[in-house]
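Enquirer: The following block contains the structure, expressed as structure tokens.
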Amino acid sequence: MNQNLLSDMYYAAPELWYTIWFVFALLFFFLFYLALCLLKLKQKVYFLNRDKERVIETLYSSKDGYFAFIYPDEKINDTRINNSEYCSRRLAVLLNLPDGIKSSFADVLKSFCKDDAKKLQKYVELLRIESLPFDDNFLLKSNSSLHLSGCKITDTSGNVYCDIIWFRDISYESAQITELEAECKRACNTILELNDILDNFAYPIWMRDEQLKLKFVNKKYLDFTDANSKDDILNSSIEIIGTNNESISKNIAAKAHLYIKPQQHSATLVVDGSRKSYDVIETPFHAEGTLDKIYSVGCMFDITKLDELKCNLKIHQNAHLEILGALGTAFAVFNAQKKLSYYNKSFASLWNLDEKWLEHQPSYAMFLDEIREKRLLPEVPDFTLYKNDEMKDFNTILLPKEDLLHLPDERTFRRIRAPQPNGGLIFAFEDVTDRLATRRAYNALISVQKEILDNLSDCVIIFGSNGRLLFYNKAYLTLWNCKEIFLQNEPTIADFIESQKSFFTNYDNWNELKQDIIDHISSFTTKSFDLVRNDKVKIEVVSSTLSDGSIMLTYKKVI
């Protein structure tokens, strides 16, 4: 029945049903569209929340803290009212605020020193009223340093969101800056001291870069140029000009840079109307710790007096050599290159050398080879080693050295070697064969005389002119029971007589007896006197003065 009714209604008014179905379809599509928009809106809200969380977490992870004055969404007339305050978590930790993120701006101000708190409060008032940003450093009561920067946050349309103040802990940076400033000050003071040192040197000093351009000069450099200041010299590269109208140092500086070795030469300048000699030195070095940059440091020394001294020394040397040439002693001079630079006729005669050969300035090694061929050198097992030792003496002898050369022909030469001021050695040779033979004969004679005196039964004592014992024979040791070591120390006459004291203890006044004995020994008139010892031995003492002023005593036991 119902089905028939619906069928009748459909056939009675089909347009009405089409309209109903159309409305239902339109409503379905509208609801589907709303569901789709809602889904997109939820998705957008989801991503907005994620962006918000990301921004919040980013702010939380920042090492900077912040404090914000947040304005309401409606229009405001007074920025000091109707706003809320927000303290970030990082700021609460940074300032150690007891109320954490609920702390007010007044709580923040309490963490600063009094003067800095007032300054910060003034900055914030200007920011909120006149929108003036600020950027400054502040000091906390805990002595920590903070860098604060404040600004107003608005959107592109000019709507105000908040006033925010960023807090950054710069204690470490401040300490580093303070340390660097102190280090910079020390470095500046060091530079000033070094400049003072260089400026007060008595001679000019300069430095060149890799293009040989002057980078530094000291104050003394100005005295050798027409420049008014060091800056003028550096800006115009003003060189010190010698008498040849060229720079005294630029050419050798180029060589120093090329060979990376110090270069030196002499230059002549006219200073205050006088010609003076200078020694110029350029020393290269690796600049800025790199191998590519080669700089050089130059200096100039006044050697005018030194040249005069060298000239005078040369004159005196020539005069001395002329005197040496006239002497009978053989002299020769070998220079720093170990070549013969001077000899006299006695030298050529002593070694039987050809003067034409000597005029060619042979080396000392050639001289040794020549006299070895003539068998005029001491016989040595290794001549090469001997010659090398002789050549080394040119570098080791600092004071005059004397030795003897015993030649194969039984002659003996006395040799003296002394250093020469300009390098090399001066040699002096003297034939001392006869002198040594005479000395040996004299020593043999003295030895014979000593043996004769030692074999005498009488005691013989000799005192020199200085009053000290010169000689004694063995008979004295036996007669006076004396230790030989005492006599070997050369006692005086008083000490000698004092050693005999134990043999005269029977005398009441020893000092008087001792003085009497000394007077008799020293007297020119007393020839002999007797002494009686404790053991009843009577001794005859004979005193005589020798031709050289010595005193000879003889002790003879009287039977």
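Enquirer: Is there any pair with a first residue in region 487-504 that is open to solvent by less than 10 Å² (accessible area, probe 1.4 Å) and a second that is of a type in the set (Val, Ile, Thr) and assigned to a helix (DSSP H, G or I) whose Cβ atoms are under 7 Å apart and which are 6 or more apart or on different chains, and what are they?
Expert: Matching pairs, first to second residue: ILE497/ILE517; ILE497/ILE518.
Enquirer: Give ARG440, ARG435, ARG414 a once-over and let me know the one that is modelled with pLDDT of 85 or more, of a type in the set (Lys, Arg) and surrounded by 10 or more Cβ atoms within 10 Å (Cβ to Cβ).
Expert: ARG414
Enquirer: Going by the conditions given, is CYS311 at pLDDT below 85 and closer than 30 Å to ILE240 by Cα?
Expert: yes
Enquirer: Collect the residues in region 518-527 that are surrounded by 13 or more Cβ atoms within 10 Å (Cβ to Cβ) and out of contact with any helix residue (DSSP H, G or I) (no Cβ under 8 Å at 6 or more places or on another chain), keeping them in residue-number order.
Expert: Hit for region 518-527 is HIS520, nothing else.
Residue by residue, here is whether (1) farther than 15 Å from PHE331 by Cα; (2) open to solvent by 70 Å² or more (accessible area, probe 1.4 Å); (3) modelled with pLDDT under 90 holds:
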| site | (1), (2), (3) |
| --- | --- |
| LYS345 | no, yes, yes |
| SER349 | no, yes, yes |
| GLN361 | no, yes, no |
| PHE367 | no, no, no |
| LEU376 | yes, no, yes |
| LEU405 | yes, no, yes |
| ASP409 | yes, yes, yes |
| ASN422 | yes, yes, yes |
| ASP431 | no, yes, yes |
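Enquirer: Let me ask you something else. Pull out all pairs, ordered by first then second residue, where Cβ-Cβ is under 6 Å, the residues are six or more apart or on different chains, the first lies in region 65-78 and is under 18 Å from LEU94 (Cβ atoms), and the second is part of a strand (DSSP E or B) and at pLDDT 85 or above.
Expert: Cβ pairs passing all conditions: GLY65/PHE167; TYR66/ILE164; TYR66/TRP166; PHE67/CYS87; PHE67/ILE165; ALA68/TYR86; ALA68/CYS162; ALA68/ILE164.
Enquirer: Out of the residues in region 203-238 meeting the condition of being surrounded by 15 or more Cβ atoms within 10 Å (Cβ to Cβ) and free of Cβ contacts under 8 Å to residues at least 12 places away in the same chain, tell me which one is farthest from the chain's Cα centre (by Cα).
Expert: ALA227
Enquirer: From LEU6, LEU59, LEU48, LEU16, which residue is among the hydrophobic types (A, V, I, L, M, F, W, C), assigned to a helix (DSSP H, G or I), modelled with pLDDT under 85 and touching a Ser or Thr at 6+ places or on another chain (Cβ under 8 Å)?
Expert: Unique residue meeting the criteria: LEU59.
Enquirer: If I ask for residues that are within 24 Å of the chain's Cα centre (by Cα), hydrophobic (A, V, I, L, M, F, W, C) and either at positive phi or open to solvent by less than 30 Å² (accessible area, probe 1.4 Å) (or both), which ones from region 248-299 would you list?
Expert: Matches in region 248-299: ALA256, ILE260, VAL280, ALA287, ILE294, CYS299.
Enquirer: Scanning for something at pLDDT 90 or above, open to solvent by 20 Å² or more (accessible area, probe 1.4 Å), in a helix (DSSP H, G or I) and of a type outside the set (Ser, Thr, Tyr), does region 125-143 turn up at least one residue?
Expert: Yes, because at least one residue in region 125-143 is at pLDDT 90 or above, open to solvent by 20 Å² or more (accessible area, probe 1.4 Å), in a helix (DSSP H, G or I) and of a type outside the set (Ser, Thr, Tyr).
Enquirer: How do the pairs read when you match residues in region 320-346 that are part of a helix (DSSP H, G or I) and small (Gly, Ala, Ser) with residues anywhere that are surrounded by fewer than 20 Cβ atoms within 10 Å (Cβ to Cβ) and modelled with pLDDT under 90, using Cβ under 8 Å and keeping only pairs 6 or more apart or on different chains?
Expert: Short answer, once both residue conditions are applied: GLY325/LYS345; SER346/LEU327; SER346/GLY328; SER346/THR329.
Enquirer: Out of the residues in region 104-124 that are part of a loop (DSSP other than H, G, I, E, B) and open to solvent by less than 60 Å² (accessible area, probe 1.4 Å), which is farthest from TYR71 (Cα to Cα)?
Expert: Residue satisfying both the conditions and the ranking: CYS113.
Enquirer: Which condition number does ASP302 fail, the rest of (1) open to solvent by less than 30 Å² (accessible area, probe 1.4 Å); (2) touching a residue at least 60 places away in the same chain (Cβ under 8 Å); (3) not hydrophobic (A, V, I, L, M, F, W, C) being met?
Expert: (1)
Enquirer: Out of all the residues in region 387-424, which are in a strand (DSSP E or B), free of Cβ contacts under 8 Å to residues at least 40 places away in the same chain and out of contact with any Ser or Thr (no Cβ under 6 Å at 6 or more places or on another chain)?
Expert: Across region 387-424, the qualifying residues are LYS401, GLU402, ASP403, LEU405, ARG414, ARG415, ILE416, ARG417, ALA418, PRO419.
Enquirer: Here is a further query. When region 368-386 is examined, which residues are found to be in contact (Cβ under 8 Å) with a residue 24 or more places away in the chain and charged (D, E, K, R)?
Expert: Scanning region 368-386 gives ARG375, GLU379.
Enquirer: Something else: Working carefully through the options LEU469, LEU531, find the one that is out of contact with any Leu (no Cβ under 7 Å at 6 or more places or on another chain) and open to solvent by less than 60 Å² (accessible area, probe 1.4 Å).
Expert: Answer to the check: LEU531.
The values are calculated or read from the model by the stated rules, or taken from the named source; none is laboratory data. Just so it is clear, the model here is predicted, and its values are computed rather than measured. Cβ sites come from the backbone with ideal geometry, for glycine too, and all protein chains shown count toward neighbours. With ligands, DNA and RNA removed, areas are computed over all heavy atoms of the protein, side chains included. Shrake-Rupley method; radii C 1.70, N 1.55, O 1.52, S 1.80 Å.
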